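Visitor: Quick one: the structure is below, and I'll ask about it shortly.
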């Protein structure tokens with residue numbers, strides 16, 4: 001990833017952190033709650049640094065809330081958090097791109113979709129979607145048509161199911 005936008009985003013976050021550290025005793029942006037960030041964000045006068053830091057702080061809160069809502073079985077809220085995450089990755093972190101945005105928006109327009117977002121380091125390729133099991137085939141078909149019409153080539157789809165996590169297997 002040397003020389004990539006990934007490293008650029010990391011550097012921008014480090015710059016934002018250095019500025020905020022002048023007023024707040026933190027070692028990482030993720031230590032700030034949203035409420036704390038909102039009180040000190042005025043220090044980030046560079047709009048790009050503000051956007052990058054806002055994404056990190058809000059994304060960390062989304063991740064923490066995701067853990068809670070998944071433990072509670074609140075799939076509706078988890079889907080909303082996925083959507084909020086993608087929109088932040090698009091607007092504040094600026095790493096999505098036309099292909100990912102087209103794919104996610106096409107998915108979100110389908111009945112039975114609870115949420116979707118890009119995944120990975122960004123700048124290309126992969127998205128996840130939370131889809132009602134009985135709608136998977138229909139969503140894939142519809143999204144494939146929409147994506148090909150907009151982008152000019154087909155997307156690839158992989159169906160995954162939630163397992164029971166990592167564990168030691170016995171023979």
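Every read-out reported here was derived from the displayed coordinates using simple, explicitly stated rules and does not represent laboratory data. As the structure is a computational prediction, the values presented were derived from the model and not from experiment. Quick reminder, even Gly has a Cβ in these numbers, built from the backbone with ideal geometry, and neighbours come from all protein chains shown.
Visitor: Going 7 Å from the Cα of residue 14 along its beta-carbon direction, which residues of the range 43-60 have the amide nitrogen within less than 14 Å of the resulting point?
Guide: Residues passing the 14 Å test: none.
Visitor: Under a no-solvent Debye model with one identical scatterer per Cα of the range 10-73, what's log10 I(q)/I(0) at q = 0.19, 0.22, 0.24, 0.29 Å⁻¹?
Guide: Result of the Debye calculation: -0.65, -0.82, -0.94, -1.29.
Visitor: Arranged from highest to lowest average of other beta-carbon atoms within 10 Å per residue, in what order do the peptides 150-160, 128-138 appear? Could the numbers behind the result be given before it?
Guide: Numbers: 150-160: 10.4, 128-138: 15.4.
Ranking the peptides 150-160, 128-138 by packing returns 128-138, 150-160.
Visitor: Something else about it: Does the range 95-159 classify as rounded, prolate or oblate by the C-alpha gyration tensor (a ≥ b ≥ c root eigenvalues; a/c under 1.5 gives rounded; else a/b over b/c gives prolate, otherwise oblate)? Show your work: numbers first, answer last.
Guide: Values: a/c = 1.91, a/b = 1.30, b/c = 1.47.
Because a/c hits 1.5 or more and a/b fails to exceed b/c, the range 95-159 counts as oblate.
Visitor: Taking the Cα atoms of the chain, report the difference between the largest and smallest coordinate on each principal axis, in whole Å and largest first.
Guide: For the chain, the Cα extents along the three principal axes come out at 52, 44, 35 Å.
Visitor: With each run of n ≥ 4 DSSP H residues scored as -39500 (n - 2.57), what mean residue ellipticity at 222 nm is computed for the chain after dividing by its residue count and rounding to the nearest 500 deg cm²/dmol? List each step's numbers first, then the result.
Guide: Details: 6 runs with 93 residues, N = 171.
It lands at -18000 deg cm²/dmol.
Visitor: May I pose another question? Kindly express, to the nearest 10 degrees and within the range 0 to 90, the angle between helix 98-108's C-alpha long axis and the longest C-alpha principal axis of the chain.
Guide: Value to nearest ten degrees: 60.
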